[in-house]
Amino acid sequence: MATYNNFTKRFLRILGWALLTVFVLAVGVVAAAWFFDARQSDQEIAEEFQGQPIRPRVHYYHISQPGETVRTIRFMETPVLMADSTMPVVLFVHGAPSSLSFFNEFFKDTTLLNRAQLVAVDRPGYGYSDFGRVETSIIRQAELLQPLIDRYRKAPFLMVVGSSYGGSVSARLAMNNPDRVNHVVFVSSALGPGLERTYPISYFADSPLIHWGVPPLLRLANDEKLAHRKALEAILPDWPKIRSNITMLHGQQDDLVYPTNVSFAQQHLVNARVKQFLLPENRHDIVFNKRQYMTDIILDILTRRDVKEIVRAKSMAVK
């Protein structure tokens, strides 16, 4: 009996220390998250690209609707000569939680820089686009990014690259601009309502007593996550409006945004040509672990576009 009691006491002591350790770690993670916002200031971006042959420039614009407080959107773009009207544009749209700095390494790739003007944007609420001010409507997010599509309306070719939640917004941009968006690259993109994992802690973090204690960056992502299904359902009828070419990259081991999003997109993109790349060993990590692979695909799209332009020009010359 004494041995049993000693074992029980020892087990309870170990369990108590284990629970305390988990609690302390959880508190530590949350506390650290208050100081981590996954963004770079304009000055930090300038320092990041100091010494690079082509350095991006940071810009802001302001947009509002009647009765709405003005929204600020920040983006960065690589410079081009004003006389160069033949440069394609590649617009990167990040997921959550993140910011335009998520794509910094693409902006250092000289091969890519020589082929296109690169643009990356802080989605509403992230980075320096009114950090912490959430917008859970995909329709409204696309409206807030529409000035970027308008800015490059004279570009001969516009490609939008959307990662994760950024893919949802990219899809809406393509729906709204079927004659302007020429190609969309969906990377690990959440496109089908309900085709993603929502962890139980997301609902716990949304409870009234907990919500405002969650660090802003995590709160943003969680608010988007919990509203994502309804936001995707709102754009469901408009998938036939997309007429651009589509390339899809998705990890077959992705247990956050399920690979079934690819088949969903193929089913609903009835007026678009779709090409897919399913990566058997990847999870939700393609931008990090397959950056060069992504770059090669973007370059291949640009090359195919160039070839078509050359063939078209020769055909017109013959006529």
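The values are calculated or read from the model by the stated rules, or taken from the named source; none is laboratory data. Since this is a predicted model, take the numbers as computed values, not measurements. So basically every Cβ, Gly included, is an ideal-geometry build from the backbone, and we count neighbours across all protein chains shown.
Scanning region 202-209 turns up one or more residues that are at pLDDT below 95, part of a loop (DSSP other than H, G, I, E, B) and either surrounded by fewer than 14 Cβ atoms within 10 Å (Cβ to Cβ) or in the same structural domain as Thr136 (by TED's automatic domain parsing) (or both). Counting only residues that are at pLDDT below 95, within 15 Å of Asn114 (Cβ to Cβ) and either not charged (D, E, K, R) or not assigned by TED's automatic domain parsing to the domain that holds Tyr126 (or both), region 53-96 holds 7 of them.
Out of Arg273, Arg312, Arg305, one residue alone is at pLDDT below 95, loosely packed, with under 15 Cβ neighbours inside 10 Å and either in the same structural domain as Ser189 (by TED's automatic domain parsing) or not polar (S, T, N, Q) (or both). It is Arg312. You will find that of Leu226, Leu232, the residue that is in contact with a Phe, Trp or Tyr (Cβ under 8 Å, 6 or more places away or on another chain) and in contact (Cβ under 8 Å) with a residue 12 or more places away in the chain is Leu226 and no other. Based on what the data block shows, is Val287 in a loop (DSSP other than H, G, I, E, B), in contact with a helix residue (DSSP H, G or I) (Cβ under 9 Å, 6 or more places away or on another chain) and assigned by TED's automatic domain parsing to the domain that holds Ala171? It is false that Val287 is in a loop (DSSP other than H, G, I, E, B), in contact with a helix residue (DSSP H, G or I) (Cβ under 9 Å, 6 or more places away or on another chain) and assigned by TED's automatic domain parsing to the domain that holds Ala171. Of all residues in region 101-118, those that are of a type in the set (D, E, K, R) and part of a helix (DSSP H, G or I) total 2.
For the condition farther than 25 Å from Arg291 by Cβ, at pLDDT below 95, more than 12 Å from the chain's Cα centre (by Cα) and not hydroxyl-bearing (Ser, Thr, Tyr), Arg153 qualifies.
Residues in region 260-310 that are basic (Lys, Arg), without any contact (Cβ under 8 Å) to a residue 40 or more places away in the chain and farther than 17 Å from Ala174 by Cα: Arg283, Arg304, Lys308. Residues being in contact (Cβ under 8 Å) with a residue 40 or more places away in the chain and in a helix (DSSP H, G or I) are represented in region 119-140 by at least one member. Do we have Leu191 as in the same structural domain as Asp306 (by TED's automatic domain parsing), in a loop (DSSP other than H, G, I, E, B) and surrounded by 21 or more Cβ atoms within 10 Å (Cβ to Cβ) here? The answer is yes for Leu191.
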